[in-house]
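Student: Quick one: the structure is below, and I'll ask about it shortly.
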Ligand code: SF4
């Protein structure tokens, strides 16, 4: 039995968190608000999906807050706060990675800020466990379960408690006439080859946008020591060989990203 004074859903607008949102709206899981952290660079399909979810939440009287701490595409204009995990080629030819700061700065920080705001409005003190944050992680992605790094927030994983896999979530969506896109920034370096191919072949304008972005961060240096690339092959995106399903060295959202991204 929950003793938290506030329960919120962290909505990534992907398959799992959309399935969790439907459970909340059906009254099967309790939450009093949903929070979506906008990095400013989600694919059009995610923003379209988000609009539909806003309408659904409005019908059910559940507040859905879109929060932001800047746009990941502005990395080149700022200091290194918003770096994604770029693949680097250093001046001596060695390879490296830039430290991922995007998930924390663009997702965790604005969601935390909104939670504190909701707590203040309700007069909730930041005592241990005062807030429960529901995460849309399914059983097959249990390795992404991670405790919050502040004591007043306790993360919960209702899909894991139900032993739902991603396939179960998809089925739950389909049963209600829904589907959900993959949620991740257009140029996320964690894309698999399959995802890059889908972007190139299915959304040519977004593919071109990712190419432009890579050129921009390379031209400015983006406060990095080496030349940044969006793909592990460390060549410009149009030259990447995407013919294999995956690439050695290519990190993935599933394996590496914190629970805030892509759920
Ligand atoms: S989806 Fe990728 S680029 Fe976007 S915030 Fe998450 S890790 Fe960073």
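Read-outs throughout are calculated quantities, based only on the coordinates presented, and are distinct from any laboratory measurement. All figures in this text were calculated on a predicted structure; none of them were measured in a lab. Neighbour counts are summed over all protein chains in view; Cβ atoms, including those assigned to glycine, are modelled from backbone coordinates with ideal geometry.
Student: GNM on the chain, C-alpha springs below 10 Å: top fluctuator among 227, 194, 39?
Tutor: 194
Student: Run the numbers for residue 147 and residue 174: contour at 0.36 nm per residue of separation, minus the present Cα-Cα distance, in nm.
Tutor: 6.7 nm
Student: Give, in nm to one decimal, the length gained when the segment between residue 32 and residue 220 is fully stretched (0.36 nm per residue of separation minus the Cα-Cα distance).
Tutor: Here the segment from residue 32 to residue 220 would lengthen by 63.4 nm.
Student: Separate question: What's the Cα-based Rg to Rh of the chain, Rh via Kirkwood?
Tutor: Computed over Cα atoms, the ratio is 0.98.
Student: Helix 109-122 against the longest principal axis of the chain: what's the angle in degrees, Cα atoms only, rounded to the nearest 10?
Tutor: Rounded to the nearest ten degrees, it is 20.
Student: Where the Cα atoms of region 37-182 are projected onto their three principal axes, how long is each span, largest first, in whole Å?
Tutor: On the principal axes, region 37-182 reaches 55, 40, 29 Å in Cα extent.
Student: I would also like to ask the following. If contacts are Cα pairs under 8 angstrom and at least 6 residues apart, what is the relative contact order of the chain in percent?
Tutor: 26
Student: On a 0 to 90 degree scale, rounded to 10, what angle separates helix 166-175 from the longest Cα axis of the chain?
Tutor: 60
Student: Could you work out [θ]222 nm for the chain from helices alone, using -39500 (n - 2.57) per DSSP H run of at least four and dividing by all its residues? Round to the nearest 500 deg cm²/dmol.
Tutor: Counting only the DSSP helices, I get -10000 deg cm²/dmol.
Student: Below 8 Å, C-alpha to C-alpha, sequence gap of six or more: please give me the relative contact order for region 42-118 in percent. Write out the running numbers ahead of the final one.
Tutor: On the way: 63 pairs, mean separation 19.3, N = 77.
The normalised contact order for region 42-118 reaches 25 percent.
Student: Then there's this: Between helix 15-25 and the chain, what is the angle of the helix's C-alpha long axis to the longest principal axis, kept within 0 to 90° and rounded to the nearest 10?
Tutor: With both axes taken from Cα atoms, the answer is about 20 degrees.
Student: Need the full-extension length gain, residue 127 to residue 104, defined as separation in residues times 0.36 nm minus the C-alpha distance. One decimal, nm.
Tutor: Using 0.36 nm per residue and subtracting the Cα-Cα distance, I get 6.0 nm.
Student: Could you rank the peptides 41-48, 114-121 by their average count of other C-beta atoms within 10 Å per residue, with the highest value first?
Tutor: Working: 41-48: 17.8, 114-121: 16.1.
My ranking of the peptides, most packed first, is 41-48, 114-121.
Student: In the Gaussian network model of the chain, springs joining C-alpha atoms below 10 Å, which of 162, 200, 100 carries the largest mean-square fluctuation?
Tutor: Of the options given, 162 has the highest mean-square fluctuation.
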